[in-house]
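*Asks:* Here it is, the structure, as structure tokens.
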Amino acid sequence: MRPPREKITPADLPNSAKILSMSGLDFMLGVHAGTLAPPPISQSMGFWTDEVEKGRVVMRAVAEFAHCNPTGAVHGGWYGTLLDSCMSCAAMTEVPKGSFYTTLEYKVNITRAVPLGTEVVATGIVQHAGRTTSVANGEVRGAADGRLYATGSATCLIMKPE
């Protein structure tokens, strides 16, 4: 589902009690279905959730001029944000009810530049889901041709509120 055109506000986001009342999978399915607000950053970075299942999240994105560095190429932070989002959201699908997660670290390898206006598919897949950490891998490929643009890995920390 593409992010809504109207600007997401803080009031649109679920509070911590709502988040903790759901499993991570249910939370991500809600975001995908549009019953929960998408992340505000998805609007400015041009990405949206396309598929959600346990251990796997697929996002689609289109890089625009606003995502460029001073030389006119897509900024590395755009790839990083997209990969962090799909990998970490995949990790979220494994988080049990009553817990939450945050990205502990991530790494990105850019293999080629995404041409502006090209739709890409970013897939995050959980490799390990433990009690306190989750590890996921991801890749960004062209939606039309499957060309590889970037790969990544992420480690997420799973926590319970104190």
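The values are calculated or read from the model by the stated rules, or taken from the named source; none is laboratory data. Just so you know, these numbers come straight off a predicted model, no measurement behind them. A quick note on method: Cβ atoms are made from the backbone with ideal geometry, for glycine too, and the neighbour counts reach across all protein chains shown.
*Asks:* Can you tell which of THR102, THR118 is at pLDDT 95 or above, under 16 Å from VAL74 (Cα atoms) and surrounded by fewer than 21 Cβ atoms within 10 Å (Cβ to Cβ)?
*Replies:* The unique qualifying residue is THR118.
*Asks:* Out of all the residues in region 126-139, is one or more in contact (Cβ under 8 Å) with a residue 24 or more places away in the chain, out of contact with any His (no Cβ under 7 Å at 6 or more places or on another chain) and over 30 Å from GLY98 (Cα atoms)?
*Replies:* Taking every residue of region 126-139 in turn, none turns out to be in contact (Cβ under 8 Å) with a residue 24 or more places away in the chain, out of contact with any His (no Cβ under 7 Å at 6 or more places or on another chain) and over 30 Å from GLY98 (Cα atoms).
*Asks:* When LYS160 is evaluated against the numbered criteria (1) of a type in the set (Lys, Arg); (2) at pLDDT 95 or above; (3) under 21 Å from ILE19 (Cα atoms), which criterion, by number, is the only one it fails?
*Replies:* (2)
*Asks:* Only residues that are in contact with a Ser or Thr (Cβ under 9 Å, 6 or more places away or on another chain) and among the hydrophobic types (A, V, I, L, M, F, W, C): list them for region 75-90, please.
*Replies:* Answer for region 75-90, where residues must be in contact with a Ser or Thr (Cβ under 9 Å, 6 or more places away or on another chain) and among the hydrophobic types (A, V, I, L, M, F, W, C): LEU83, CYS86, MET87, CYS89, ALA90.
*Asks:* Of all residues in region 8-57, which are free of Cβ contacts under 8 Å to residues at least 40 places away in the same chain, within 24 Å of GLY117 (Cβ to Cβ) and either small (Gly, Ala, Ser) or in a strand (DSSP E or B) (or both)?
*Replies:* Scanning region 8-57 gives SER44, GLY46, GLU51.
*Asks:* Continuing with this model, one more query. Looking only at region 89-109, decide whether some residue is free of Cβ contacts under 8 Å to residues at least 40 places away in the same chain and in a loop (DSSP other than H, G, I, E, B).
*Replies:* Scanning region 89-109 turns up no residue that is free of Cβ contacts under 8 Å to residues at least 40 places away in the same chain and in a loop (DSSP other than H, G, I, E, B).
*Asks:* So for region 110-128 (the condition being within 26 Å of ALA17 (Cα to Cα) and touching a strand residue (DSSP E or B) at 6+ places or on another chain (Cβ under 8 Å)), does at least one residue qualify?
*Replies:* Looking through region 110-128, at least one residue is within 26 Å of ALA17 (Cα to Cα) and touching a strand residue (DSSP E or B) at 6+ places or on another chain (Cβ under 8 Å).
*Asks:* Residue check, GLU105 against (1) touching a Leu at 6+ places or on another chain (Cβ under 8 Å); (2) more than 17 Å from VAL58 (Cα to Cα); (3) charged (D, E, K, R), all met but one. Which one?
*Replies:* That leaves (1) as the condition not met.
*Asks:* Can you pull out every residue in region 25-43 that is out of contact with any strand residue (DSSP E or B) (no Cβ under 8 Å at 6 or more places or on another chain), at negative phi and not hydrophobic (A, V, I, L, M, F, W, C)?
*Replies:* Within region 25-43, ASP26, GLY30, THR35, PRO39, PRO40, GLN43 meet the criteria.
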